Amino acid sequence: MREFAVVLLVAAIVTYLLTPLLRAVATRVQAMAQPRDRDVHAIPTPRLGGLAMYGGILAAVFVATVLPALQRTFVYSEDILGVLLAGGGICILGAIDDRFNLDALTKLTGQIAAAGIMALFGVQITFFYLPFGDVGTVLLGSAIAVPLTILLTVLTINAMNFIDGLDGLLAGVAGIAALAFFAYSYNLSRTGLADIASAPTLIAAVLAGSCLGFLPHNFQPARIFMGDSGSMLIGLMLAAAALSATGKADVQTFDTATSVLPLTLPLLLPLAVLAFPLVDLVLAVLRRTRAGRSPFAADKLHLHHRLLEIGHSHRRAVLILYLWTAVLAFGAVALSIFGVSAEVLWALGALLAVSVLVSTIPQLRPRRVADVPRRGERG
């Protein structure tokens, strides 16, 4: 745990120190986010924050190579190398988009290429467990594993990109998601179901550190945005942590009904951790296609926009979405660690109730007299 804490802190510190430098570079090269109708910021704001985050990740991984326990991560697999190469490529693509505004097809092609690189280095969904009847473990051949890995990675990348609409929102949500993946993967190693020096655990730790280091510069009012260079990098690394975790548990160790849950969680945990961005992505695609528009056509109807519309302040909306992400993500992790017990279910239910209450507070307040239309007036 101490070594993971070291790499997390290195990622956070290096990212924090690099971000002002990238802010100056973005201002100089005019990589600026200009205010648009759907945006909530009112002045041009520098982008390219994702490059600082990638720098923090590189520094943390370099430190991990010289730490006694974590250096084993690089001996048994090439997962980390594949993630760094794919992450570097997608970060460069995002930086170009931050400056020149690439079209959606070019970005999609780059996302597929980056996901393909990652899959070629072994970061794939190689098997999954179905706790139904006698199905058990389903092994996937490369003909299915590679396209499925690419599809899931591209979906996660775009889900992250879609929610990057409020200051500090994506950095905080991704940091919480990464910490949840870390807790899940680290628990597998503690219980002997995976090696403690595993790729998904290290990926989650360095990503969490990078997000935490960037957040002070990005929280409302943001002095810099991560841009597509950051949002696509985050999506790729979260997908890598989830996909890599599916192949790190030893199937032969699951011999009882109660031990099935940790192996099933790789299917459920990504859905719980990424519930908010994935739901937002699905709703946006359905909303836009039903209106006859491109799924990539931007609008101002995302979930975070709706929280603003019902009366939440910018910061409160962001904090509420942090809360929802934490409850869903760590609730799933708690189920994997402690099992489906009454105590866990009651605690999770109570936290969900609090989240609903906090989210709907503006609508529960009585309307002021001045807000109620007088008789004869149109409401």
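Tabulated data
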read-out: Where a residue in segment 139-165 is more than 30 Å from Leu319 (Cβ to Cβ) and among the hydrophobic types (A, V, I, L, M, F, W, C) and its partner, wherever it lies, is modelled with pLDDT of 85 or more and surrounded by fewer than 20 Cβ atoms within 10 Å (Cβ to Cβ), with Cβ under 9 Å and at least six apart; value: Leu140/Leu148; Val146/Gly116; Val146/Leu120; Ile150/Ile112; Ile150/Gly116
read-out: Selected residue (only one of Ala69, Ala64, Ala113, Ala24 is surrounded by 18 or more Cβ atoms within 10 Å (Cβ to Cβ) and hydrophobic (A, V, I, L, M, F, W, C)); value: Ala64
read-out: From the options Tyr54, Tyr16, residue that is out of contact with any strand residue (DSSP E or B) (no Cβ under 8 Å at 6 or more places or on another chain), within 26 Å of Arg223 (Cβ to Cβ), of a type outside the set (Lys, Arg) and crowded, with 23+ Cβ neighbours inside 10 Å; value: Tyr54
read-out: Residues located in segment 111-143, provided they are modelled with pLDDT under 85, in a loop (DSSP other than H, G, I, E, B) and of a type in the set (Phe, Trp, Tyr); value: Phe132
read-out: Filtered residues of segment 1-36 (kept if hydroxyl-bearing (Ser, Thr, Tyr) and either touching a helix residue (DSSP H, G or I) at 6+ places or on another chain (Cβ under 7 Å) or not in a helix (DSSP H, G or I) (or both)); value: Thr15, Tyr16, Thr19
read-out: Any pair with Cβ under 7 angstrom, 6 or more apart, that starts in segment 205-226 at a residue that is in contact (Cβ under 8 Å) with a residue 12 or more places away in the chain and ends at one that is of a type in the set (Phe, Trp, Tyr) and assigned to a helix (DSSP H, G or I); value: Ala205/Phe4; Ala205/Phe182; Ala208/Phe182; Gly213/Tyr16; Pro216/Tyr16; Met226/Phe214
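The values are calculated or read from the model by the stated rules, or taken from the named source; none is laboratory data. Nothing here was measured: the structure is a model prediction, and the numbers come from that model. Using ideal geometry, Cβ is built from the backbone for each residue, glycine included, and neighbour counts are taken over all protein chains shown.
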